[in-house]
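Data block below; observations after.
Any read-out appearing in this document is the output of simple, stated calculations on the displayed coordinates, not a laboratory observation. What you see is a predicted model, and the numbers here were worked out from it, not measured in a lab. Cβ placement follows ideal geometry from the backbone for every residue including glycine, while neighbour counts extend to all protein chains displayed.
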Amino acid sequence: MPQALITGITGQDGSYLADFLLGQGYNVFGMVRRSSTVNFSRIQHIQDKITLLSGDLLDLGSLISILQEYEFDEVYNLAAQSFVPTSWEQPVFTGEVTALGVTRMLEAIRSVDKGIRFYQASSSEMFGKVREVPQTERTPFYPRSPYGVAKVYGHWITVNYRESYGLHASSGILFNHTSPRRGLEFVLRKITRGVARIKLGLEKELRLGNLDPQRDIGYAGDYVRAMWMMLQQSAPDDYVVATGETHSIREMCEQAFGFVGLDWQEFVVQDARFIRPAEVDLLVGDASKARRTLGWAPAVSFPALVQMMVDNDLALAQQEG
């Protein structure tokens, strides 16, 4: 059985990737930090099928120890401080984990076993104030948040270790992707949860920031397949993973409220507290390379994704109610 280590396994992407790798016959390990606040709800359904290991991207020694003890074929680095607004409040911590954490994992692989295949979770937030539309693997980066800056570092250090040490290290430049497992602080999940609670009379309004930004947004379960596909290639490389479609936050509201027969304009309130210091107005990816080389394509449409999330949050709100 091939063995894979997933950092960030308790997050949205980590849980879907663990599901997928188990289905592919992998022996799956997940790295988690020692913390009293770790939430295992996303992996509760598979916790008896995976092995959890204690480690920290802030501690190189713990990473080396894990790699020395287990013979991994693949390492998927998904752990990060991944909420963009928090990166302004905690820029140094974001840099330590989201940027330097990548270096520590790459250095651990270089020291222990250069044959391990490595995946780095890069982000469309690296493009920020976009230089061209749509964005490809060759589009220059112009990040607009400490998170985006940290991701740019993580991306380029992956390229550097690949070229300097011959590591099979690939980066997936993933555009926005979500699911019913997404954290409540992320905008589409915040919208669908608000819709469900308003529909059931548990809340009366939904407060959001800027409604104009447009995002290329897909289903997380589709995107983790692309991660795995990258590490099955004979040569490492970087790939944009996206749907090629854009949807504004206003459109997300219209779609989600529409599924339950409500007019979003009667319930959505714009709140200045949720407006970013520097906004990213438009992100849309060109995933032609991933389609051509990997044979990857998204399977879940935007309306189906929103419907899936509304249905999930309605069920959760009914339980709470």
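I need the shape label for the range 178-244. Rule: rounded when a/c is under 1.5, else prolate if a/b > b/c, else oblate, with a, b, c from the alpha carbon gyration tensor.
Working: a/c = 4.45, a/b = 2.47, b/c = 1.80.
Prolate, because a/c is 1.5 or more and a/b exceeds b/c.
Would you grab the residues whose amide H sits under 5 Å from the one on residue 171? Only those 5+ places off in sequence or on another chain, please, with H modelled 1.01 Å from N.
For residue 171, the qualifying residues are 120, 237, 238, 239.
Given H placed on each backbone N at 1.01 Å, which residues far from residue 300 in sequence or on other chains put an amide H within less than 5 Å of it?
219
Springs between alpha-carbon pairs under 10 angstrom, Gaussian network model over the chain: which of 127, 118, 259 fluctuates most?
259
With each run of n ≥ 4 DSSP H residues scored as -39500 (n - 2.57), what mean residue ellipticity at 222 nm is computed for the chain after dividing by its residue count and rounding to the nearest 500 deg cm²/dmol?
Working: 10 runs with 119 residues, N = 321.
When only DSSP H runs of four or more count, the value is -11500 deg cm²/dmol.
Tell me, 49, 151 in order of fewest to most beta-carbon neighbours within 10 Å?
Numbers: 49 12, 151 30.
By the 10 Å Cβ count, ascending: 49, 151.
Checking the table 114/289; 190/289; 129/199 against a 30 Å threshold on Cα-Cα, which pairs fail?
Numbers: 114/289 26 Å; 190/289 32 Å; 129/199 36 Å.
Pairs exceeding the cut-off: 190/289; 129/199.
Report the residue, chosen from 23, 183, 166, that carries the largest GNM mean-square fluctuation when the chain is represented by alpha-carbon nodes joined by springs under 10 Å.
Between 23, 183, 166, it is 23 that shows the largest mean-square fluctuation.
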